[in-house]
Structures are given as C-alpha cells and as structure tokens.
Amino acid sequence: MKPIKFSKEETKAIVGEIQDYFRQELDQSIGSIPAEMLMLFFVDKMGAYFYNRGLYDAQGLLKEKIDDLTDSIFALEQPTKHLR
C-alpha cells in the first residue's frame, strides 16, 4: 500500500482539529508540531484500518448498486419458452 499523504492544507486542517480537540475535550493546549506528530503517528499506525474500512464500505455500496442494476435488467426480460 502506498503511504497515506496529506497536502499542506489538509495537514493544517487536521492539526487544527487535533488542537481544537485537546482544548475542548481535555482542557489542554497542544502546539502545532506535537499535533502534527500525533497526526503522523495515527496515520502510520492506524491509517490502514481507516483506509480499509473505506474500501469495505465502497465495496458494499458497489455490491448494492450492482444488485439493483441486475434486478432492473432482469425486470426488462421478456417472457420466452426458454427456461433459465
């Protein structure tokens, strides 16, 4: 798997979210460098779990859509004497 990379803008937004979380939930402040280090830790150690969950969700959605499409196509079938 390719490493998960974020743009500078995405990194800045994530770091801001981490800082907000520390401030609001833990009543502590965290600098941007420690927040970015924490982000990189989560990306490195847990990113694959989140990435895989997204893939599983996408596969499930595709399966549902393909099943719907199969049903729609089957509904178009004309009656014949040929049995499936």
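Structure values in brief
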{"read-out": "Residue among Phe22, Phe50, Phe42, Phe6 that is among the aromatic types (Phe, Trp, Tyr), outside any helix (DSSP H, G or I) and surrounded by 10 or more Cβ atoms within 10 Å (Cβ to Cβ)", "value": "Phe6"}
{"read-out": "Any hit, region 54-76, residues being surrounded by 12 or more Cβ atoms within 10 Å (Cβ to Cβ) and either over 18 Å from the mean Cα position of the chain (by Cα) or at pLDDT below 95 (or both)", "value": "no"}
{"read-out": "Cross-chain or 6+ apart pairs with Cβ under 7 Å, region 21-43 first and farther than 25 Å from Lys5 by Cα, then of a type in the set (Ser, Thr, Tyr) and not in a helix (DSSP H, G or I)", "value": "Arg23/Ser29"}
{"read-out": "Verdict on Thr11 being surrounded by 10 or more Cβ atoms within 10 Å (Cβ to Cβ) and either under 24 Å from the mean Cα position of the chain (by Cα) or not in a helix (DSSP H, G or I) (or both)", "value": "yes"}
{"read-out": "Positions within region 1-20 being of a type in the set (Ser, Thr, Tyr) and either in contact with a helix residue (DSSP H, G or I) (Cβ under 9 Å, 6 or more places away or on another chain) or touching a residue at least 40 places away in the same chain (Cβ under 8 Å) (or both), in sequence order", "value": "Thr11"}
{"read-out": "Residue in region 47-68 that is in contact (Cβ under 8 Å) with a residue 24 or more places away in the chain and in contact with a Ser or Thr (Cβ under 9 Å, 6 or more places away or on another chain) present", "value": "no"}
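The values are calculated or read from the model by the stated rules, or taken from the named source; none is laboratory data. Only a predicted model underlies this, so the values are computations on that prediction, with no experimental measurement involved. Virtual Cβ from ideal backbone geometry, glycine too; neighbours counted across all protein chains shown.
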